[in-house]
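Peer 1: Starting off with a structure, shown below.
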Amino acid sequence: MQDRYRFIGPLYDLLAAIFSLGKIDRCKCAHHDRIASGTKVLFAGVGQGVDAIEAAKRGGDVTVVDISQTMLSIFKKRTDKMGLASPIRIVHSDIFAFDEYERYDMVFANFFLNVFPLDTVLRLERHLASLAKPGGCVVVGDFCLPSGGAAARFFQNLYWYIADVVFYLAARNAIHPVYDYCTHLKDLGLAIEQIKYFRVLFDDRYYSILARKP
Ligand SMILES: C[S@@+](CC[C@H](N)C(=O)[O-])C[C@H]1O[C@@H](n2cnc3c(N)ncnc32)[C@H](O)[C@@H]1O
C-alpha cells in the first residue's frame, strides 16, 4: 500500500492546529457528547486520532481504519503511552476494503472526504453509510461551504485552496472546490440531525454534520 502521508503525516496535527487556531480538533470532537460506554464507533482515515482517543476516553468501543502506516504508528505510540481503559482496535486498510456492514452506531469521517475527487467522495459516503447500523449515524467534520457576501466567500475559498494545494503537493490530495456534504448525505437518504459550526477570525470555516440513517 502506497503511503502518501509518510512525510506530511508526522506534521499533520501540528499544521492543522496552527492553520485553524485549534478549531479543527474541536470540530472533530463536536458530537462526542453522544458517545457513551459501549457505543460502537468507527473512525475512517483516522490519522493521528485525537478524536478516536477522546471517544475511547468516553468509553466508546472504538475501531480506527487508515491506509497510512505512518499515521497508524503515530496513533499507536500515542495510545500505548496513555494506557486507555477501553483498548482501540486498529485496522491498516483501504477504507473501501473494510466491509463490516451495519455494525457501527457512529461512523466518523473527519477531514477525510476532502482528500478525494468528487466521484470517489460520492462512492465513499455511500460506503460509510453502509457501515452504520440502521438508525446509526455518519458524522462528517470538514471545511464548510463558503457563505456570505462576495468578499467573505473569496477569503473562505482562498483559505480552503491554501490547505488544498499544500496537501496536493504533499500527499497528492485532489484539487477541488469545497464539497457540499449535507446535500450528498441527504441524497443518500440520511437525515441531517445537527450541524455545529466553528469560526476562525470572521467566518465559519469548519462544521461537523451529524446525519442519521433511517
Ligand atoms: C487529511 S488526513 C485526516 C486525518 C484525520 N482524520 C484528521 O482529521 O486528523 C486523511 C487521512 O486519511 C487517510 N486515508 C487516505 N486514503 C485512505 C483510504 N483509501 N482508506 C483509509 N484511509 C485513507 C490518510 O492516510 C490520512 O491519515
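The values are calculated or read from the model by the stated rules, or taken from the named source; none is laboratory data. Values in this document were obtained by computation on a predicted structure and should not be read as measured data. Note: ideal-geometry Cβ built from the backbone for every residue, glycine included; neighbour counts use all protein chains shown. Protein only, heavy atoms only, side chains kept; ligands, DNA and RNA dropped before computing areas. Shrake-Rupley method; radii C 1.70, N 1.55, O 1.52, S 1.80 Å.
Peer 1: For segment 1-97, what is the relative contact order in percent, using Cα pairs closer than 8 Å and at least 6 residues apart in sequence?
Peer 2: With pairs under 8 Å counted, the relative contact order is 30 percent.
Peer 1: Under the Karplus relation 6.51 cos²θ - 1.76 cosθ + 1.60, θ = phi - 60°, what is the ordered set of whole-Hz ³J(HN,Hα) values for segment 190-195, x standing for Gly and Pro?
Peer 2: 8, 9, 6, 9, 7, 10
Peer 1: Which residue, T63, T79, T183, tops the fluctuation ranking in a GNM of the chain built on C-alpha contacts under 10 Å?
Peer 2: T183
Peer 1: State the extension gain, in nm to one decimal, for the chain segment bounded by L14 and D99, taking 0.36 nm per residue of separation less the distance between their alpha-carbons.
Peer 2: Result: 27.4 nm gained on full extension.
Peer 1: Oh, and also: Starting from the amide H of E193, placed 1.01 Å from N in the peptide plane, find each other amide H under 5 Å away whose residue is 5 or more places distant or on another chain.
Peer 2: Residues meeting the criterion, in which the H sits 1.01 Å from N, are L210, A211, R212.
Peer 1: Follow-up question, since we're still on this one. Karplus couplings for segment 123-128 from phi (6.51 cos²θ - 1.76 cosθ + 1.60, θ = phi - 60°), rounded to Hz, Gly and Pro as x?
Peer 2: Each residue's phi maps through the Karplus curve to give 5, 5, 4, 5, 5, 4 Hz.
Peer 1: What accessible area per residue, rounded to a whole number of Å², is obtained for segment 49-130 using a probe radius of 1.4 Å?
Peer 2: Accessible area per residue: 45 Å².
Peer 1: Report the local net charge at V91: Lys and Arg +1, Asp and Glu -1, summed over other residues whose C-beta lies under 15 Å from its C-beta.
Peer 2: The answer is -1.
Peer 1: Apply the a/c threshold of 1.5 to the C-alpha gyration tensor of segment 150-214 and tell me whether it is rounded, prolate or oblate.
Peer 2: Verdict is oblate for segment 150-214.
Peer 1: Considering only DSSP beta bridges where both residues belong to the chain, give the percentage that are antiparallel (nearest 5).
Peer 2: Restricted to the chain, the bridges split so that about 45 percent are antiparallel.
Peer 1: Please give the solvent-accessible surface of R172 in Å², to the nearest 10, using a probe radius of 1.4 Å with every protein chain present.
Peer 2: 130 Å²
Peer 1: Also, quick follow-up: Return a whole-number percent for the relative contact order of segment 81-214, with Cα pairs under 8 Å and 6 or more residues apart as the contact set.
Peer 2: 27 percent
Peer 1: Another question, then. For the chain, what is the mean residue ellipticity at 222 nm derived from helices alone (per DSSP H run of n ≥ 4: -39500 (n - 2.57); sum divided by total residues; nearest 500 deg cm²/dmol)?
Peer 2: Value at 222 nm, helices only, nearest 500: -11500 deg cm²/dmol.
Peer 1: How far apart, in nanometres, would the label points at D187 and R89 be if each is projected 7 angstrom from Cα along the Cα-to-Cβ direction?
Peer 2: Taking the two extended label points, one gets 3.1 nm.
Peer 1: The chain: longest stretch without exposed GluC sites (Glu not before Pro) (DSSP loop, at most 14 other Cβ within 10 Å), sites themselves excluded?
Peer 2: Between exposed loop sites, the widest span is 103-214.
Peer 1: Right, here's the next one. Starting at the first residue of segment 45-54, write each ³J(HN,Hα) from the Karplus equation 6.51 cos²θ - 1.76 cosθ + 1.60 with θ = phi - 60°, in whole Hz, x for Gly and Pro.
Peer 2: The phi angles translate into x, 5, x, 6, x, 3, 5, 5, 5, 4 Hz.
Peer 1: With a cut-off of at most 13 other beta carbons within 10 Å, and DSSP calling the residue loop, which chymotrypsin sites (Phe, Trp or Tyr not before Pro) in segment 132-189 qualify? Please list them.
Peer 2: Answer by residue number: there is no such site.
Peer 1: If amide hydrogens are placed 1.01 Å from N in the peptide plane, which non-local residues have theirs closer than 5 Å to the one on F116?
Peer 2: A174
Peer 1: For K133, which sequence-distant residues (separation of 5 or more, or a different chain) have an amide H within less than 5 Å of its own amide H, given hydrogens modelled in the peptide plane?
Peer 2: Amide H neighbours of K133: R103, Y104, D105.
Peer 1: Choose one answer from Q48, Q194, Q69: the residue with the largest mean-square fluctuation in a GNM of the chain with alpha-carbon springs under 10 Å.
Peer 2: Comparing Q48, Q194, Q69 in the GNM, the peak value goes to Q194.
Peer 1: May I have the count of lysine pairs in the chain with C-alpha atoms under 13 Å apart, counting pairs 8 or more residues apart or located on different chains?
Peer 2: 5
Peer 1: Still on this structure, I have one more. So what is Rg over Rh here for the chain, counting just Cα atoms and using Kirkwood for Rh?
Peer 2: 0.94
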